[in-house]
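The values are calculated or read from the model by the stated rules, or taken from the named source; none is laboratory data. It should be emphasised that the depicted structure is a prediction, and the values quoted were computed from it without experimental measurement. Glycine also receives a Cβ, built like all others from the backbone with ideal geometry; neighbour counts cover every protein chain displayed. Heads up: the accessible areas ignore ligands, DNA and RNA and are worked out on the full protein's heavy atoms, side chains in. Shrake-Rupley method; radii C 1.70, N 1.55, O 1.52, S 1.80 Å.
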Amino acid sequence: MTQEFSVIVPTLDEEARLDETLRRAKSALGPEAEVIVVDGGSRDRTTEIAAAHGRVMSTRRNRGAQLAAGARTATGDILVFVHADTWLPEGGATAIRAAVRAGAEAGCFRFAIQSQSRQTRARRWRYRLLEWGVNWRTRRLRTATGDQALFATRDAYEACDGFGDLPLFEDVAFVRAVRRVTRFRLLPLAASTSSRRWEAGFLRTVLKHWTLRAAFLAGADPRRLSRYHERPSEVTEPRVSPSRSAPRTSGSHPKR
């Protein structure tokens, strides 16, 4: 049975955040949205948590390959690609529908970083500046990252050949490809992503990402670049408590 939305989430050891991410995705896109979690070899409870929300697939550790595998099995007319630490906003379905009706069959949400009470004023200021920079880049250069929750109609996705077999910058490559077949729209709502990657050193992380991105755009092999993009081992991910805004859904089981 064809769904309006399919949400595809690549994972690797994401038990701390995945449940909340999937709750918010269903709240944003509707309880009937198809959920597909494509796991890259988790050793924690990631797949167990995912099974309570939808379909679980397993593939090798490679985010581009994981996203492509999920898209191949999805039944939705609109594919929404969400990182395991990124929360879709309320009203997300309405914003996507409006963009598609206006002729933009692909796009993304605005970028935001999840606020935490323990963040210092200086850190919050840095994050707001980073948000502004990423959103400016999207508006001006029509590019985006997976942290902004990319979406595309199935027709647009298939016309641009979808995600490539890339472990890094698969999102940048996909946006460049899909822009060649349809308009790409930055939605007015923000998807919020975890601050965890910047907590081991804000400036160091930003500079490293800019350097890797520049190397990729200059033609460097993303497979080689990916070895410099691992999640910092010194960052411990706290478990996220269920939100009040994302209603608890009755447990579903993986589709056979």
Quick one: accessible area per residue over the chain, 1.4 Å probe, rounded to a whole number of Å²? 49
Relative contact order [Cα under 8 Å, 6+ residues apart], the chain, whole percent: 26
Which residues among region 107-148 fall inside the zone where the amide N is under 12 Å from a point 7 Å beyond the Cα of TRP210, along Cα→Cβ? 130, 133-134
Roughly to the nearest percent, how much of the accessible area of region 53-105 is carbon and sulfur, given a 1.4 Å probe? 49
Compute, for GLU105, the solvent-accessible surface of its heavy atoms (probe 1.4 Å) with the complete set of protein chains present, and express it in square angstrom to the nearest 10. 70
Simple label model, 7 Å out from Cα along Cβ direction - ASP221 to THR73, nm: 3.0
Under 12 Å, Cβ to Cβ, from SER42 - net charge with Lys/Arg +1 and Asp/Glu -1: -3
For every other residue with a beta carbon closer than 11 angstrom to the beta carbon of ILE78, add +1 if it is Lys or Arg and -1 if Asp or Glu, then tell me the sum. -3
